[in-house]
1. Could you order 32, 4 by accessible surface area, starting with the largest, using a probe radius of 1.4 Å?
2. In what sequence, highest mean first, do 35-44, 12-21, 77-86 appear when ranked by Cβ atoms within 10 angstrom?
3. Counting just the Cα atoms, what span does region 1-52 cover along each of its three principal axes? Round to the nearest Å and put the largest first.
Amino acid sequence: MTPDILVALGSASLRLGRLTEAERLLRRALEDREEDPIAWNNLGVVLMNQGQFAEARQVFRRAFALSGGSSAEIRENLRLAIANLENPAYDVVNENDYKLVFRGGGDVLL
């Protein structure tokens, strides 16, 4: 499977609530294409849903850097991850404000 297919399957698995499967597929996609900001962002969303905020912040930082800082969605996801780490009482998971990013410019709100 190509990295594009793996990212699409991982993103679909996330939307279905299959977090372990989504994480596995996205990490597999990143093995072949480390410079894919979309895959990094979507992995960060998985990690946020799993409560792994420190790793999610690192993943979103990488995604933001790889996107050249041009993605508002990734920037907002990074902001939410940082806010959660700085204030553990900040319940970002229940706000459902993070966004998946898909190829072709479409956004899907979770």
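The values are calculated or read from the model by the stated rules, or taken from the named source; none is laboratory data. Everything numeric here is computed off the predicted structure, so don't read it as measured data. We place every Cβ from the backbone using ideal geometry, glycine too, and count neighbours over all the protein chains shown. Please note that ligands, DNA and RNA were not included when accessible areas were found on the heavy atoms of the full protein model with its side chains. Shrake-Rupley method; radii C 1.70, N 1.55, O 1.52, S 1.80 Å.
1. Most to least solvent-accessible, the answer reads 32, 4.
2. Averaged packing, sorted descending, gives the order 35-44, 77-86, 12-21.
3. For region 1-52, the Cα extents along the three principal axes come out at 25, 17, 13 Å.
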